[in-house]
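Undergrad: The structure under discussion is supplied below as structure tokens; questions concerning it will follow.
The values are calculated or read from the model by the stated rules, or taken from the named source; none is laboratory data. The structure presented is a predicted model; accordingly, all values stated were derived computationally and were not measured. Glycine gets a Cβ as well: all are built from the backbone with ideal geometry, and neighbour counts include every protein chain shown. Quick note on the areas: whole protein, heavy atoms, side chains included, nothing else; ligands and nucleic acids left out. Shrake-Rupley method; radii C 1.70, N 1.55, O 1.52, S 1.80 Å.
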Amino acid sequence: AFVAPDPIRPGVPCQPCNPAVSTTAWRNISDGVACGSKQVCSVGVCKTACYIDGTLVNIGGVDPTSPCRVCDNNTSVSAWTSKANGTSCGAGNVCTAGECANGCYISGAYYESGATSGPCKVCAPGTSTTAWSSVANGTSCGLAQVCSAGTCKAACFISGAVVNVGAAEPGNACRTCDPYQVTTDWSGLPDGTCCGTGKVCSAAACKSG
């Protein structure tokens, strides 16, 4: 049959007639040429795929240079598509603008590892990449203040525990939490302070007298 130059071959859109190449056979159109909705030519066949950097990539195929870019023919058949920001791309890593980075993606924004939100919250990807993590209890966060469960408060941190202002040392009513003196140990009450019936503080100890 006679075929006019460059028509679409019925059922095979990637093999037009090109008399400059052959007058007796269909030719394969160049790989990567669009051949239908969200499709590209590859070796004469129209495929649902991407053609990126000279290579046919299946749907969902990952960019070898970044796990945060994939073939998504709904977006483009000729370029990598960035995964959604915040997508996990490895332990402690998230995608941001098509790149995999060690950090957190919180409330629609990317933060580098170690970024802070107030004095007692930090981006700690090893703990969470989607929420702020609390810094260690007892971390100083201001004058006479320490962090407690992610909140900065007037308190002491003694023997691994947060102690409220004014709390007495167990077994010794003459030592108390006074963060304005020290936040990491008990503070002695003034000598003469009543510490029980017939007892007063002396050198931070409760004595009869």
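Undergrad: Run down the aspartates and glutamates and flag those whose C-alpha is under 19 Å from the C-alpha of Lys207, throwing out any fewer than 8 positions away in its chain.
TA: Qualifying aspartates and glutamates at Cα under 19 Å: Glu169, Asp191.
Undergrad: Leaving out ligands and nucleic acids, and using a 1.4 Å probe, what accessible area per residue does the chain come to in Å²? Don't skip to the answer; put the middle values down first.
TA: Numbers: 11370 Å² over 209 residues.
Per residue, the chain has 54 Å² of solvent-accessible surface.
Undergrad: Here's a follow-up. Counting only protein heavy atoms and a 1.4 Å probe, tell me what percentage of the chain's accessible area is made up of carbon and sulfur. If you can, show how the numbers build up before the last one.
TA: Working: 5940 of 11370 Å².
Carbon and sulfur atoms account for 52 percent of the accessible area of the chain.
Undergrad: So how compact is the stretch 29-176: Cα radius of gyration and Dmax in angstrom?
TA: Computed over the Cα atoms of the stretch 29-176, radius of gyration and Dmax are 25.8, 91 Å.
Undergrad: Filter the chymotrypsin sites (Phe, Trp or Tyr not before Pro) in the stretch 155-202 down to the DSSP loop ones having no more than 13 other Cβ atoms within 10 Å, then list what survives. Write down the numbers at each step before the final one.
TA: Working: sites: Phe157, Tyr180, Trp186; in loops: Tyr180, Trp186.
Here the sparse-neighbourhood loop sites are Tyr180.
Undergrad: Using the structure shown, select from Lys153/Lys199; Lys83/Lys153; Lys47/Lys83 the pairs with a Cα to Cα distance greater than 30 angstrom.
TA: Values: Lys153/Lys199 32 Å; Lys83/Lys153 40 Å; Lys47/Lys83 22 Å.
Over 30 Å apart, Cα to Cα: Lys153/Lys199; Lys83/Lys153.
Undergrad: OK, next. Each label point is 7 Å from the Cα along the Cα-to-Cβ direction; what then is the distance between the points at Val182 and Arg9, in nm?
TA: Rounded to a tenth, the inter-label distance reads 8.9 nm.
Undergrad: I would also like to ask the following. Please give the FRET efficiency for Thr130 paired with Thr65, using the beta carbon to beta carbon distance and R0 = 22 Å, rounded to the nearest 0.05.
TA: So, using R0 = 22 Å, E works out to roughly 0.30.
Undergrad: Still on this structure, please answer the following. What net charge is computed for the residues neighbouring Asp31, neighbours being all others with C-beta under 13 Å from the C-beta of Asp31, Lys and Arg scored +1, Asp and Glu -1? List each step's numbers first, then the result.
TA: Details: positive: Arg27, Lys47; negative: Asp53.
Value of the local net charge: +1.
Undergrad: Check which residues have an amide H placed less than 5 Å from Arg27's amide H, if you skip close sequence neighbours.
TA: Excluding prolines and chain starts, which carry no amide H, the hits are Asn18.
Undergrad: Here's a follow-up. How do Val40, Val12, Val62 stack up against each other in accessible area, from largest to smallest, with a 1.4 angstrom probe? Working shown, then result.
TA: Details: Val40 0, Val12 40, Val62 75 Å².
Reading off the accessible areas and sorting them downward yields Val62, Val12, Val40.
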